[in-house]
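Remarks on the structure that follows.
The values are calculated or read from the model by the stated rules, or taken from the named source; none is laboratory data. Nothing here was measured: the structure is a model prediction, and the numbers come from that model. Cβ placement follows ideal geometry from the backbone for every residue including glycine, while neighbour counts extend to all protein chains displayed.
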Amino acid sequence: MKRKFLITAIALFICTLFLNTGKSNAAETSENQSTQRYVALHDRILPFQDIRVTEGDTKVPLADIAKYLYLPVETDKDITIIRKRGIEFRFDPATGTTTKDGKVLAWSPIQQIDGITYISVKYIAREIGFQLEFFQKEKTIRIYRDNYAHMNHDDFQQFIHQYRITQQEAAKPKPTPDQPQSSKTKPNVYLTFDDGPNQYTTINMQTLKDNEIKGTFFFLGKHMQTHPSIVKSASKEGHYIGSHSMTHDKDLVYKSTEALLDEMKESTGLIQQITGKSTKLVRVPYGSKPHVTPDMQKQLAWQGYKMWDWDVDSNDWKYKDVEYEKIIENVKNGVVQAEKAGDRDIVILLHDRSQTTKALPDIINWLRHEGYQFKTYDPQHHIVQNFLHDKAL
């Protein structure tokens, strides 16, 4: 009788242990498979594909983070050794313990999971002199140092948010049409206008309204300060507004990476202040080539900006009012060439100028007659359109 009772008790204990273990693993798996987590260093999202969360602590493969934090990692008879800033860490996978300068830690910030060595992001970052900021809503840990230039936390949070949206859009399966697209379907065309707002902006907006078309306007900050009512009208009528810098002065805009970013930040801030709508779309003066340096390019992308150049240059700025027909011909020839090259989203460069207001009605009539589809910029379906062919922009 006692033996039977003992066997039953042991069986119940094993079942309970198994069930509890199953619950623990399920909870951890659920936490890992929820919203994608990110680890950032200064202004950069690190490209970690394998991020584990155990007991609320974020861990990544030691080999991955070592490259970015310059951690010298050695192995000695299966013992993992890290020496940094005069501190020595040792991890023994046989016992699962971590030591710091010879003293065993009460918990192990280093673990081996499925044969891979992981390390706590928070622990190693703090131990080697970094500060940490955790963005709960975006599930992101940011590692940074105050003596290294980086954007403030509010701007970085906006950057993470935009980055997450971009990643989610990219991950969505592309719809497959039931039937192949007809070769007769014409590409989309985007009418874009630089250098406003001014009196010619209002004329171009009226022409667009008469033809039930929405345009994309790249406004200059110095003109927005003078004509805020035009900016409000453009936004209210459904046109998309991007930044064309504050000054359009090549010597000022491209003086340094910081100068370029300051011009874009101030001008996009004006757009939000006047319209209540935020934007990250910019068109740099004179186009991205050859003015935008690799560092400018990288920083623009890291701060979440999208940069549009163009496919078709109307060269409208070259002509007087009486020569407006040359603008029309430039657009026609450019659009045809872009279509022949296989472009399905054709961005046309125009300006808010007198000669352009005269050419615009005929440009619209020709595009409509030829069957092109008019579009305005949609931040939810960003189209890469820059001379640098940078997909991040």
Problem set entry | Pairs where the first residue, in the stretch 313-336, is assigned to a helix (DSSP H, G or I) and the second is surrounded by fewer than 19 Cβ atoms within 10 Å (Cβ to Cβ) and of a type in the set (Ser, Thr, Tyr), C-beta under 6 Å, 6+ apart | Asp321/Ser354
Problem set entry | Options Lys236, Lys250: the member that is closer than 30 Å to His369 by Cα and either out of contact with any Gly (no Cβ under 8 Å at 6 or more places or on another chain) or hydroxyl-bearing (Ser, Thr, Tyr) (or both) | Lys236
Problem set entry | Residue check for Pro177: modelled with pLDDT of 65 or more, within 31 Å of the chain's Cα centre (by Cα), surrounded by fewer than 22 Cβ atoms within 10 Å (Cβ to Cβ) and not in a helix (DSSP H, G or I) | no
For this session: Could you tell me which residue of the stretch 288-309 is nearest to Asp194 (Cα to Cα), considering only residues that are assigned to a loop (DSSP other than H, G, I, E, B) and either in contact with a His (Cβ under 7 Å, 6 or more places away or on another chain) or among the β-branched types (Val, Ile, Thr) (or both)?
Result: Val292
Exercise. Inside the stretch 131-144, can you point out the residues that are out of contact with any helix residue (DSSP H, G or I) (no Cβ under 8 Å at 6 or more places or on another chain) and in contact (Cβ under 8 Å) with a residue 40 or more places away in the chain?
Worked result: Lys139, Tyr144
For this session: Kindly establish whether Gln355 is of a type in the set (S, T, N, Q) and closer than 20 Å to Asn386 by Cβ.
Result: no
Exercise. How about the stretch 81-98: which of its residues are within 16 Å of Tyr123 (Cα to Cα) and surrounded by 17 or more Cβ atoms within 10 Å (Cβ to Cβ)?
Worked result: Ile82, Lys84, Phe89, Arg90, Phe91, Thr98
Exercise. So, in the stretch 312-358, of the ones that are aromatic (Phe, Trp, Tyr) and under 22 Å from Leu220 (Cβ atoms), which residue ends up surrounded by the most Cβ atoms within 10 Å (Cβ to Cβ)?
Worked result: Tyr319
For this session: State all residues of the stretch 218-231 that are crowded, with 24+ Cβ neighbours inside 10 Å and either more than 30 Å from the chain's Cα centre (by Cα) or touching a residue at least 60 places away in the same chain (Cβ under 8 Å) (or both); if no residue qualifies, say none.
Result: Phe218
Seminar exercise, completed: Glu263 passes all but one of the listed conditions (1) buried (at least 21 other Cβ atoms within 10 Å of the Cβ); (2) not in a helix (DSSP H, G or I); the exception is number (2)
For this session: Please verify whether the stretch 335-354 includes one or more residues that are in contact with a helix residue (DSSP H, G or I) (Cβ under 6 Å, 6 or more places away or on another chain) and of a type in the set (S, T, N, Q).
Result: yes
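Give me the residue from the stretch 340-359 that is free of Cβ contacts under 8 Å to residues at least 24 places away in the same chain and in a loop (DSSP other than H, G, I, E, B) and, out of that set, farthest from Tyr324 (Cα to Cα).
Only one residue tops the list, namely Gly342.
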For this session: Could you list all residues from the stretch 99-118 that are under 21 Å from Val53 (Cβ atoms) and either of a type in the set (A, V, I, L, M, F, W, C) or surrounded by fewer than 11 Cβ atoms within 10 Å (Cβ to Cβ) (or both)?
Result: Leu105, Ala106, Trp107, Ile110, Ile113, Asp114, Gly115, Ile116
For this session: Give the residues of the stretch 48-76 that are part of a strand (DSSP E or B), of a type in the set (Ser, Thr, Tyr) and surrounded by fewer than 17 Cβ atoms within 10 Å (Cβ to Cβ), sorted by residue number.
Result: Thr54, Thr75
